[in-house]
Amino acid sequence: MALRTTRPEAAGPRPAAAAGLDPADRGRLLAGAHHDPHALLGAHPVPGGTLFRALRPNARTVSVVIDGERTALRSEGDGLFAAVLPCAQVPAYTLLVTYDDGEQEVDDPYRFLPALGELDLHLIREGRHEQLWRALGAEPMVHQGVAGTRFTVWAPNAQGVRVAGDFTFWDGTQYPMRSLGASGVWELFLPGIGEGTRYKFEITSRYGHRFLKADPMARGTEVPPDTASVVTASRYEWGDAEWMAHRGDTPVHQAPFSVYEVHLPSWRPGASYRQLAEELPAYAKRMGFTHVELMPVAGYPFSGSWGYQVTSYYAPTPRLGSPDDFRYFVDACHRAGLGVIMDWVPAHFPKDDWALARFDGDPLYEPGNARRAEHPDWGTYEFDYGRTEVRNFLVANAVYWCEEFHIDGLRVDAVASMLYLDYSRDSGQWEPNVFGGREDLDAVAFLQEMNATVYRRCPGVVTIAEESTAWDGVTRPTDSGGLGFGLKWNMGWMHDSLEYIQKEPVHRKYHHDEMTFSMVYAYSENYVLPISHDEVVHGKQALVSKMPGDWWQRRANHRAYLGFMWAHPGKQLLFMGQEFAQGAEWSHEHGPEWWLLGDDYHSAGDHRGVQGLVRDLNEVYRATPALWQRDTDPGGFRWVLCDAAEDNVLAFLRFAADGGPLLAVSNFSPVVRQDYRLWVPDGIPAWQEALNTDDVRYGGSGVGAGGPVRPEDGCLRLTLPPLATVWMVPVR
């Protein structure tokens, strides 16, 4: 909007008084409850010429400028100005608006045709707009030759919607939007409004209530506690073309997949996306991880939710920088050879009155049934998966992060709470589905659609379910009736193995099956073994602090457990701080206790030793196809010793596609076991240690095989270190 100084009145056509607005239309327009303000405002042919009408609250005068000549409109009160000019056709014109502090010459928003096409509206009505963010929200653009921003929002139950922002002092009176019919979409192109503008939608409900709402499709937001949406466009130039072209060359099930889970705001407290891009990819790469998994980065108001109560599904949290800054971070990870997985939260959303809850005055994103809408565990709302537009909002959101931010994987949070109608509900608090069952059929259909769409549109992306029940077919393809996820967190393995490792060694023999039971179902799904943030907060203690014994024994147990985990079938995930045996629970305010690593090795050897082990676990893991190539193939695993409960010993073989083996042996007792006999396959003349968690480099006692070991009578005779895991491979 260009500011102009006052100038003399030019000789223009003589205006005639305009017929007043119908009182009902006038009342609805001024109340923000009119569905078609463009029919009342702007320029329209009438008998005797062209009627011009403008709504400019607080203006002293409004004039129409045609071919450089200005003609004053007559005030109709309440900020309305109108006149009929003797123009045979609607001319090109601007408005010259005089305020107490000067003049503005502006294009009239109400002279523009809709900036949203019929195909977009059709796809929105059908719930099939896979790039919904290109149709809804705030889109800077050039429309009919004029630069500005198109505002669109889905609010089917509203009487009226207006745009309010910092440019209107948060009063929406000046900019009512038009309804685009049965789609429920409202639209307005505002010339002169550009990037960085803060805005909200002022909605008048069908009950007459008026309130401001942030844009559900906003691609930029203010930093909390401020809640406005921000007009945003990306100018980022990616440098990861090679990564994107080849990330899907090997199916994830047959590739190394070792994940470092990170809470970005606390990994280095105070660091921005760009600062993190200089440190985190280099660290994760040096530690040997293949991927980083980010706890939710979509906009969320309450930092204590860690991102799991999302209000801005299409905007990265601005706490750490702009959307393009986040793109820079992802790009840096890719250039370092790291994939980026993002936690995605379609299971629920918070009740903040400025966000999604009762968005247009009625339940919209949440079910209309109050019992069904309330999430019993988190004080939030669940999504209405049966509504096509809501399902489209979420499916397109999954695609959005993969296409616009080059995300390589989506870990879907709280899937179990979506799948079951009776999740955390007592009898009488839920209603069965049409078949009388407890399954949420709409949620199932949504997850299937989301997975099928992401895999079709985004080659190389993997979806991962956090699903804690025995639901059948979580990672089965959708065309076979499954949910279609690529991987699933193995919550059973996590629970059982942690239950075992927390026992004093003398009691472990009574819980031996907790370490072997996972192999009963290991190939029922494609699994990830997760030691996530959930296991090191809320009184559960850090991983090393779960272990029994003195400090040396705790660290030894920690190392042995990680060695067992990395060798077990399935991919693995480890939360930040656990890679160097941080003793305190994670704090989202303080992050990892980096100071434990110290400046020199000897003063911080305990923690540096564990850190070195994790680095070596990843290095050997990536170099050993037996540990990842046949994760989903039962032929890639064989027990060597699964019933030595009295000894607290477990041993198994892993096999690569070419048959190359790795022998993993875990001794979860605090005693050295001499001359321990373990069967091995024929035809291998000698074996050697590939890794030993008791190595002195890691803080261990240094007990081990030493040089190559030759089988005798089909068995290896090993000295098993105390509280340790040893990996043996054929001598090359």
Worksheet item: Looking at (1) modelled with pLDDT under 95; (2) at positive phi; (3) in contact with a Lys or Arg (Cβ under 7 Å, 6 or more places away or on another chain), which is the one condition that is false for residue 598?
Response: (3)
Discussion item. Quick check on region 41-63: of everything there that is of a type in the set (Gly, Ala, Ser) and not in a loop (DSSP other than H, G, I, E, B), which residue is nearest to residue 175 (Cα to Cα)?
Written reply: 54
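Conditions (1) under 24 Å from the mean Cα position of the chain (by Cα); (2) farther than 27 Å from residue 318 by Cα; (3) in contact (Cβ under 8 Å) with a residue 40 or more places away in the chain, marked per residue:
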| position | (1), (2), (3) |
| --- | --- |
| 165 | no, no, yes |
| 190 | no, no, yes |
| 196 | yes, no, no |
| 214 | yes, no, yes |
| 219 | yes, no, yes |
| 240 | yes, no, yes |
| 252 | yes, yes, yes |
Worksheet, complete the sentence: If we ask which residues in region 1-32 are modelled with pLDDT of 95 or more and either touching a helix residue (DSSP H, G or I) at 6+ places or on another chain (Cβ under 9 Å) or under 27 Å from residue 193 (Cβ atoms) (or both), their number turns out to be 7
Worksheet entry | Failed condition for residue 605, given (1) open to solvent by less than 20 Å² (accessible area, probe 1.4 Å); (2) at pLDDT 95 or above | (2)
Worksheet item: What pairs can you find where one residue is in region 504-519 and touching a residue at least 60 places away in the same chain (Cβ under 8 Å), the other is open to solvent by 40 Å² or more (accessible area, probe 1.4 Å) and in a helix (DSSP H, G or I), and their Cβ atoms are less than 6 Å apart, with a gap of 6+ or different chains?
Response: 509/646
Discussion item. If residue 435 satisfies all but one of (1) open to solvent by 40 Å² or more (accessible area, probe 1.4 Å); (2) in a helix (DSSP H, G or I), what's the number of the condition it fails?
Written reply: (2)
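Would you mind finding the one in 630, 615, 654 that is open to solvent by 10 Å² or more (accessible area, probe 1.4 Å), within 18 Å of residue 725 (Cβ to Cβ) and either in contact with a Gly (Cβ under 8 Å, 6 or more places away or on another chain) or of a type in the set (Gly, Ala, Ser) (or both)?
Values: 630 fails: within 18 Å of residue 725 (Cβ to Cβ); 654 fails: open to solvent by 10 Å² or more (accessible area, probe 1.4 Å).
Sole residue among the options that is open to solvent by 10 Å² or more (accessible area, probe 1.4 Å), within 18 Å of residue 725 (Cβ to Cβ) and either in contact with a Gly (Cβ under 8 Å, 6 or more places away or on another chain) or of a type in the set (Gly, Ala, Ser) (or both): 615.
Please tell me if residue 53 is open to solvent by 40 Å² or more (accessible area, probe 1.4 Å), of a type in the set (Lys, Arg) and closer than 27 Å to residue 211 by Cα.
Details: open to solvent by 40 Å² or more (accessible area, probe 1.4 Å): no; of a type in the set (Lys, Arg): yes; closer than 27 Å to residue 211 by Cα: yes.
Spelling it out, it is not the case that residue 53 is open to solvent by 40 Å² or more (accessible area, probe 1.4 Å), of a type in the set (Lys, Arg) and closer than 27 Å to residue 211 by Cα.
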Worksheet item: List, please: which pairs have Cβ atoms under 9 Å, are six or more places apart or on different chains, and start with a residue in region 169-181 that is touching a residue at least 12 places away in the same chain (Cβ under 8 Å) and in a loop (DSSP other than H, G, I, E, B) and end with one that is open to solvent by 30 Å² or more (accessible area, probe 1.4 Å) and polar (S, T, N, Q)?
Response: 171/58; 174/58
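Residues being in contact with an Asp or Glu (Cβ under 7 Å, 6 or more places away or on another chain) and either on the phi > 0 side of the Ramachandran plot or open to solvent by less than 50 Å² (accessible area, probe 1.4 Å) (or both): count how many of those fall in region 14-33.
Narrowing region 14-33 to residues in contact with an Asp or Glu (Cβ under 7 Å, 6 or more places away or on another chain): 20, 30, 32.
This time we only want the ones that are either on the phi > 0 side of the Ramachandran plot or open to solvent by less than 50 Å² (accessible area, probe 1.4 Å) (or both), so: 30, 32.
Final tally of qualifying residues: 2.
Please go through region 671-708 and give me each residue that is basic (Lys, Arg), surrounded by fewer than 17 Cβ atoms within 10 Å (Cβ to Cβ) and either without any contact (Cβ under 8 Å) to a residue 40 or more places away in the chain or within 13 Å of residue 726 (Cα to Cα) (or both), ordered by number. Spell out how you get there, then give the answer.
Restricting attention to region 671-708, the residues satisfying the condition of being basic (Lys, Arg) are 673, 677, 697.
Now drop any that are not surrounded by fewer than 17 Cβ atoms within 10 Å (Cβ to Cβ), which leaves 677, 697.
Matches in region 671-708: none.
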Worksheet item: Of (1) open to solvent by less than 30 Å² (accessible area, probe 1.4 Å); (2) within 29 Å of residue 203 (Cβ to Cβ); (3) modelled with pLDDT under 95, residue 443 satisfies all except one. Which?
Response: (3)
Worksheet item: What strands (runs of 3 or more DSSP E) completely inside region 476-583 contain at least 1 residues that are aromatic (Phe, Trp, Tyr) and open to solvent by 10 Å² or more (accessible area, probe 1.4 Å)?
Response: 527-531
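What about residue 301, is it of a type outside the set (Ser, Thr, Tyr) and either open to solvent by less than 10 Å² (accessible area, probe 1.4 Å) or at pLDDT 95 or above (or both)?
Numbers: of a type outside the set (Ser, Thr, Tyr): yes; either open to solvent by less than 10 Å² (accessible area, probe 1.4 Å) or at pLDDT 95 or above (or both): no.
So residue 301 does not fit the description; no.
When you check residue 641 against the structure, is it touching a residue at least 24 places away in the same chain (Cβ under 8 Å) and open to solvent by less than 10 Å² (accessible area, probe 1.4 Å), yes or no? Working first, answer last.
Details: touching a residue at least 24 places away in the same chain (Cβ under 8 Å): yes; open to solvent by less than 10 Å² (accessible area, probe 1.4 Å): no.
No.
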Worksheet item: Tell me, which residue of region 179-210 that is out of contact with any Lys or Arg (no Cβ under 9 Å at 6 or more places or on another chain) and aromatic (Phe, Trp, Tyr) is surrounded by the fewest Cβ atoms within 10 Å (Cβ to Cβ)?
Response: 207
Worksheet item: Of all residues in region 223-235, which are open to solvent by less than 30 Å² (accessible area, probe 1.4 Å) and part of a loop (DSSP other than H, G, I, E, B)?
Response: 228, 231, 232
Practice prompt. Just name the residue that is most open to solvent (accessible area, probe 1.4 Å) out of those in region 709-721 that are closer than 17 Å to residue 641 by Cα and outside any strand (DSSP E or B).
Written response: 713
Worksheet item: Is there a residue in region 326-348 that is in contact with a Gly (Cβ under 7 Å, 6 or more places away or on another chain) and of a type in the set (Phe, Trp, Tyr)?
Response: no
Worksheet item: Just to be sure, is residue 311 within 18 Å of the chain's Cα centre (by Cα), open to solvent by less than 30 Å² (accessible area, probe 1.4 Å) and farther than 23 Å from residue 199 by Cα?
Response: no
Discussion item. I'm trying to understand the selection: among the residues of region 415-429, which are touching a strand residue (DSSP E or B) at 6+ places or on another chain (Cβ under 9 Å) and assigned to a loop (DSSP other than H, G, I, E, B)?
Written reply: 421, 423, 424
Worksheet item: Would a scan of region 389-398 turn up a residue that is out of contact with any strand residue (DSSP E or B) (no Cβ under 9 Å at 6 or more places or on another chain), at negative phi, outside any helix (DSSP H, G or I) and open to solvent by less than 50 Å² (accessible area, probe 1.4 Å)?
Response: no
Discussion item. I'd like to check which strands (runs of 3 or more DSSP E) are fully inside region 64-114 and have at least 1 residues that are within 44 Å of the chain's Cα centre (by Cα) and modelled with pLDDT of 95 or more.
Written reply: 94-99, 102-106
Worksheet item: Picking from 104, 144, 131, 89, which residue would you name as being on the phi > 0 side of the Ramachandran plot and either touching a residue at least 24 places away in the same chain (Cβ under 8 Å) or open to solvent by less than 20 Å² (accessible area, probe 1.4 Å) (or both)?
Response: 144
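The values are calculated or read from the model by the stated rules, or taken from the named source; none is laboratory data. Because the structure is a prediction, the values reported are computed rather than measured. Here the Cβ is made from the backbone with ideal geometry for all residues, glycine too, and neighbour counts use every protein chain on show. When the accessible area is computed, the model is the full protein with side chains, heavy atoms only, and any ligands, DNA or RNA have been set aside. Shrake-Rupley method; radii C 1.70, N 1.55, O 1.52, S 1.80 Å.
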